[in-house]
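Note sheet for the following structure.
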């Protein structure tokens, strides 16, 4: 009986370890209803710009332009900080850019460190809605202090 539990436990551990190498698609389309929270003292600064890709080879990419992102809204899970410059979205075919769009939006940061999706990129939806269009994981949070800074 103990051996059976041991085999199940080892199988689960190795199964979970394998999930760590699984790369999930960051591209999404999740509508979120927000409350306006205009607070220009709460910002994220991206000094050099940041680029994210959906995989290797990349089929889609997102660039957060350099600059200051000001707090504009919140919901129960995230703060929404707007970029003064539109976000840059790219679609790749092979190594070439097949489509390119610049869309106003910003960075959304989770209010809790234990969220499944700790951060993301958003664009405007209808009315007061925001649309999460790109999921950012813990790798984004690890870049805080180096590639981006938060004032709050």
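What to note about this one:
- Test: residue 78 is crowded, with 19+ Cβ neighbours inside 10 Å and over 22 Å from residue 48 (Cβ atoms): yes
- Residue among 104, 26, 57 that is in contact with a strand residue (DSSP E or B) (Cβ under 8 Å, 6 or more places away or on another chain), at pLDDT 95 or above, loosely packed, with under 15 Cβ neighbours inside 10 Å and more than 21 Å from residue 145 (Cα to Cα): 104
- Within region 103-122, tally of residues that are under 22 Å from residue 48 (Cβ atoms) and not in a loop (DSSP other than H, G, I, E, B): 10
- Search result, residues across region 140-152 that are surrounded by fewer than 18 Cβ atoms within 10 Å (Cβ to Cβ) and either at pLDDT 95 or above or in contact with a helix residue (DSSP H, G or I) (Cβ under 7 Å, 6 or more places away or on another chain) (or both): 141, 142, 143, 144, 145, 146, 147, 149, 150, 151
- Qualifying residue in region 124-143 (condition: within 17 Å of residue 43 (Cβ to Cβ) and assigned to a strand (DSSP E or B)): no
- Complete set of residues in region 121-132 that are buried (at least 20 other Cβ atoms within 10 Å of the Cβ) and either closer than 19 Å to residue 61 by Cα or modelled with pLDDT under 95 (or both): 121, 122, 132
- Residue 48 vs. criteria touching a residue at least 40 places away in the same chain (Cβ under 8 Å) and part of a loop (DSSP other than H, G, I, E, B): yes
- Residue in region 70-79 that is part of a strand (DSSP E or B), within 22 Å of residue 25 (Cα to Cα) and at pLDDT 95 or above present: yes
- Scanning region 107-120 for residues that are in contact with a helix residue (DSSP H, G or I) (Cβ under 9 Å, 6 or more places away or on another chain) and modelled with pLDDT under 95 turns up just one, 113.
- Checking 32, 82 one by one, the residue that is over 23 Å from residue 142 (Cα atoms), at pLDDT 95 or above, within 15 Å of the chain's Cα centre (by Cα) and part of a strand (DSSP E or B) is 32 and no other.
The values are calculated or read from the model by the stated rules, or taken from the named source; none is laboratory data. Note that the structure is predicted; figures quoted are calculated from it, not measured. Backbone-built Cβ (ideal geometry, glycine too); neighbour counts: all protein chains shown.
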